[in-house]
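Step one of this worksheet: look at the structure below.
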Amino acid sequence: MNNTMNISILLLLSFLINSCGDNNHKQQRLNNPIVLSHYPSAAHGPSGIVRTVKQDRKGNIWIASWKGVFRYDGKSFSNVTAEVSTARFFGVLEDKKGNFWLASIGSGVYYYDGKSFHNFTTKDGLAGNQVTEIYADKAGHIWFCTDAGVSRYDGKSFKNFTTKDGLSSNSVNSITEDKTGKLWFGTADYACVYDGKKYTILRHEGKPFKNVRSIIADKNGNIWLGGNDGLWRYDGTIFRNYTSQFVGYIYEDKNGNIWTSSDSVVNRDFKHVSQPPTQTKSWILSRYNSKSLSDPSTPPEIIRSGEALIFGITEANDGSIWFGTLNGVHRYNGNRFTDFKTK
């Protein structure tokens, strides 16, 4: 990716986060829980920016957007946060007890137990009020990526980790836990791993990984990193590169395929394009199958292109792939795309 494109993407991502930082003064702090008897219905899904899409244990699709957090039950949409907050939401997580955590920009995090909402901010110990991602570790702790460090919630209180503790940056984008219990952090500066005692910056050929936007551990224990340096896989011994293009999101489906969103894909093979690119420089939804995973010189399948941004990739129980863009949420069933911007 050339420097001009790199700068443009970073400026856009920065705008998406920082432009909503002044939203905090509009929020009323929830000293007492807000109880709702029902979800406010919505005629359709969010029409604006969607950052995260998740499916809960009951099969409902949860969508974190700038228009609120929406729930889709397979037939209709509800705006879950319409009567709770006007914040712009970036993340959704269902914990092991079935409760939901909703990450907002400027208003901290909202906890929803199915009956009432509670708002947690820096006044309660959260590291920062700009929360971009939420992650649950194997022990059941909830982690929050913020612009002022990372917070861990044990059910009673928050414990924060910052550069003073060894974290490579206070602006944390993504977290994952490997099979050994080590925590891997993608940050705005350098990616690092925490073994319980110390933080180690991740390097390839002596160079640190910069601005890692997404980091996951796959079913085989490999660590995947996506960001300024492209897409990389670490098998515990070596790092392998799959593309040098900027990667914003990584997801592994049930069959072990790796899905990514990137600004473009090198060595494109349009024989397998479900939707041909409409722009030279646009974000692309790609799928790495067994062939392209085993041989990095084999290009991935290009599933979708022409979007300004793609985030929040997830696979539903029926095998369909959902993802968010600047223009709402989309579903791909293997043959066609459906958007939900109208009824």
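Identify all residues within the stretch 317-343 that are of a type in the set (Gly, Ala, Ser) and within 16 Å of the chain's Cα centre (by Cα); write none if there are none. So that I can check it myself, show each step before the final result.
We begin by selecting, within the stretch 317-343, every residue of a type in the set (Gly, Ala, Ser); these are 319-320, 324, 328, 334.
Correct list: Gly324, Gly328.
Hey, among the residues in the stretch 45-74 that are within 19 Å of Thr86 (Cβ to Cβ) and part of a loop (DSSP other than H, G, I, E, B), which one's most open to solvent (accessible area, probe 1.4 Å)? It would help to see each step written out before you state the result.
Taking the stretch 45-74 and keeping what is within 19 Å of Thr86 (Cβ to Cβ), we get 45-52, 62-71.
Now narrow it down to the ones that are part of a loop (DSSP other than H, G, I, E, B): 45-49, 66-67.
Details: Gly45: 1, Pro46: 2, Ser47: 63, Gly48: 12, Ile49: 25, Trp66: 46, Lys67: 119 Å².
Per the criteria, the residue is Lys67.
Considering only residues of the stretch 319-330 that are part of a loop (DSSP other than H, G, I, E, B) and touching a Lys or Arg at 6+ places or on another chain (Cβ under 8 Å), which is least open to solvent (accessible area, probe 1.4 Å)?
Taking the candidates together, the pick is Ser320.
Looking at this structure, is Ile175 touching a residue at least 40 places away in the same chain (Cβ under 8 Å) and within 19 Å of Ser107 (Cβ to Cβ)?
On the way: touching a residue at least 40 places away in the same chain (Cβ under 8 Å): yes; within 19 Å of Ser107 (Cβ to Cβ): no.
The answer is no for Ile175.
What are the residues in the stretch 301-318 that are open to solvent by 20 Å² or more (accessible area, probe 1.4 Å), within 25 Å of Ser290 (Cβ to Cβ) and out of contact with any Asp or Glu (no Cβ under 9 Å at 6 or more places or on another chain), if any?
Arg304, Asn317, Asp318
Give the number of residues within the stretch 246-276 that are part of a loop (DSSP other than H, G, I, E, B), surrounded by fewer than 15 Cβ atoms within 10 Å (Cβ to Cβ) and at pLDDT below 95.
So the count comes out to 4.
Just need a number here: residues in the stretch 80-119 that are surrounded by fewer than 21 Cβ atoms within 10 Å (Cβ to Cβ), of a type in the set (S, T, N, Q) and part of a strand (DSSP E or B).
Number satisfying all stated conditions: 1.
Which one of these does Gln130 not meet: (1) under 20 Å from the mean Cα position of the chain (by Cα); (2) open to solvent by less than 30 Å² (accessible area, probe 1.4 Å)?
(2)
Take the residues of the stretch 289-300 that are assigned to a loop (DSSP other than H, G, I, E, B) and surrounded by fewer than 19 Cβ atoms within 10 Å (Cβ to Cβ): which is nearest to the chain's Cα centre (by Cα)?
Applying the first criterion (assigned to a loop (DSSP other than H, G, I, E, B)) to the stretch 289-300 yields 289, 295-300.
Those left that are additionally surrounded by fewer than 19 Cβ atoms within 10 Å (Cβ to Cβ): 289, 295-298.
Numbers: Asn289: 21, Asp295: 26, Pro296: 24, Ser297: 27, Thr298: 26 Å.
Top of the filtered list is Asn289.
For every residue, the table says whether it meets (1) open to solvent by 50 Å² or more (accessible area, probe 1.4 Å); (2) farther than 12 Å from Thr176 by Cα; (3) under 19 Å from the mean Cα position of the chain (by Cα).
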position	(1), (2), (3)
Gly125	no, yes, no
His141	yes, yes, yes
Val150	no, yes, yes
Asp154	yes, yes, no
Ser157	yes, yes, no
Phe161	no, yes, no
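Pairs needed: first member in the stretch 40-59, in contact (Cβ under 8 Å) with a residue 24 or more places away in the chain and closer than 21 Å to Glu133 by Cα; second member anywhere, open to solvent by 30 Å² or more (accessible area, probe 1.4 Å) and among the aromatic types (Phe, Trp, Tyr); C-beta distance under 7 Å; at least 6 residues apart or different chains.
Between residues of the stretch 40-59 that are in contact (Cβ under 8 Å) with a residue 24 or more places away in the chain and closer than 21 Å to Glu133 by Cα and residues that are open to solvent by 30 Å² or more (accessible area, probe 1.4 Å) and among the aromatic types (Phe, Trp, Tyr), the close pairs are Gly48/Trp66; Ile49/Trp66.
Which pairs do you get when a residue that is open to solvent by 60 Å² or more (accessible area, probe 1.4 Å), found in the stretch 187-214, comes within reach of a residue that is part of a loop (DSSP other than H, G, I, E, B) and of a type in the set (Lys, Arg), reach meaning Cβ atoms under 8 angstrom, with the pair 6+ apart or on two chains?
Short answer, once both residue conditions are applied: Asp195/Lys182.
Taking only the stretch 120-150 into account, find how many residues are touching a strand residue (DSSP E or B) at 6+ places or on another chain (Cβ under 6 Å), over 20 Å from Ala217 (Cβ atoms) and not in a strand (DSSP E or B).
4
The values are calculated or read from the model by the stated rules, or taken from the named source; none is laboratory data. Computed from a predicted model, the values in this text were never measured in an experiment. Here Cβ is always computed from backbone atoms with ideal geometry, including for glycine, and neighbour counts include all displayed protein chains. For accessibility, only protein heavy atoms count, side chains too; no ligands or nucleic acids. Shrake-Rupley method; radii C 1.70, N 1.55, O 1.52, S 1.80 Å.
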